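A.B. asks: I'd like to ask you about the structure that follows.
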């Protein structure tokens, strides 16, 4: 007897033979396999972490959209020793710049609206008057090359508007971090690729050097907090950079300031102690 006979009127072909209930033991084995089989995790794309924000330019009063990170979606990873931030699946540094596509006014997100009338005048005269407006980008996210260009435009704007040394130094530092991230994604399969990666790393070093010098000038003439960072953070950052450039005496001086600071966190002091041990090890060589 075909228990499914009569379903033909629904357009369904009735199976001639079928086992209604699977063998219990076989079924359990299959169920166990289904339960123990790990689910495949889909890796999200960079565009999944991005949204568009509407901005009005302080210089030309035009309205445009810029890409920003959905902060609630990103997962923070362990930063580099020099505090370069890292996140899973995305380099958020690429989205820390706001750039007007109409007049060329560009700045780090935290500074974009902090521009005086005198600075607006300078930007209009030296940037906007020469800037060639770009067509709207259809890219779903910023490439490293696009992000580097935006940072360099931000740095130029900071120079033109006579911004603080700390802002220029911080822009150089983030540019260096960005180039470090770009280099990490570059392959070395061919001689051309090796040369391109070496050029990227050399440019990274140049901006790192500018940031190191710029922050030293900034702390001599500016008050804290600086670019949103307290003194202990800037001191630790300068110690890391001095260590990178093998300036161990300067690094030790800044580390001592961190270790004796009442506002430095336990984690910051632990990081400073680790760096101090590395300096001692280098001096003993």
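No value in this document is a laboratory result; all are computed from the given coordinates. Since this is a predicted model, take the numbers as computed values, not measurements. Every residue, glycine as well, gets a Cβ built from its backbone with ideal geometry; the counts of neighbours run over all protein chains shown.
A.B. asks: If we count other beta carbons within 10 Å of each Cβ, what is the order of 165, 270, 91, fewest first? Can you show the working numbers first?
C.D. replies: Working: 165 19, 270 11, 91 22.
Ascending number of Cβ neighbours within 10 Å: 270, 165, 91.
A.B. asks: Let me ask something additional. May I ask you to sort 151, 89, 142 by Cβ crowding, counting other Cβ atoms within 10 Å and putting the fewest first?
C.D. replies: Fewest-to-most Cβ neighbours within 10 Å comes out as 89, 142, 151.
A.B. asks: The range 85-113 to the range 261-285: how many Å between their Cα centroids?
C.D. replies: Value for the Cα centre distance between the two parts: 32 Å.
A.B. asks: Rank these for me by crowding, 226, 241, going from fewest to most other beta carbons within 10 Å. Walk me through the numbers on the way to the answer.
C.D. replies: Details: 226 20, 241 23.
In order of increasing Cβ crowding within 10 Å: 226, 241.
A.B. asks: For the range 212-285, state what percent of all Cα-Cα pairs lands in each successive 5 Å bin, counting from 0 Å until the bin that includes the largest distance.
C.D. replies: 3, 17, 29, 24, 17, 7, 2, 1
A.B. asks: Ok, one more. Taking only the alpha-carbon atoms of the range 50-173, what semi-axes of the equivalent ellipsoid follow from 5 times the gyration tensor eigenvalues under a square root, in whole Å, largest first?
C.D. replies: Three semi-axes, in Å: 25, 18, 12.
A.B. asks: Given R₀ = 22 Å, FRET efficiency for residue 281-residue 202 by Cβ-Cβ distance, to 0.05?
C.D. replies: That gives a FRET efficiency of 0.25.
A.B. asks: I want to check the label-to-label distance for residue 185 and residue 47. Put each point 7 Å from Cα in the C-beta direction and report it in nm to one decimal.
C.D. replies: That separation, rounded to one decimal, is 1.5 nm.
A.B. asks: If you average the C-alpha positions of the range 118-170 and of the range 188-242 separately, how far apart do those two centres end up, in angstrom?
C.D. replies: One Cα centre to the other: 19 Å.
A.B. asks: Distance in nm between label sites at residue 195 and residue 62, each 7 Å beyond Cα in the beta-carbon direction?
C.D. replies: 3.7
A.B. asks: If we sort 93-102, 122-131 on the protection proxy, mean other Cβ atoms within 10 Å, highest first, what's the order?
C.D. replies: In decreasing order of mean packing, 93-102, 122-131 become 93-102, 122-131.
A.B. asks: Mind checking Rg over Rh on the range 128-236, alpha carbons, Kirkwood formula for Rh?
C.D. replies: 1.04
A.B. asks: Assuming R0 = 22 Å, what is the FRET efficiency of residue 222 and residue 81, from their Cβ-Cβ distance, to the nearest 0.05?
C.D. replies: Efficiency at R0 = 22 Å is approximately 0.35.
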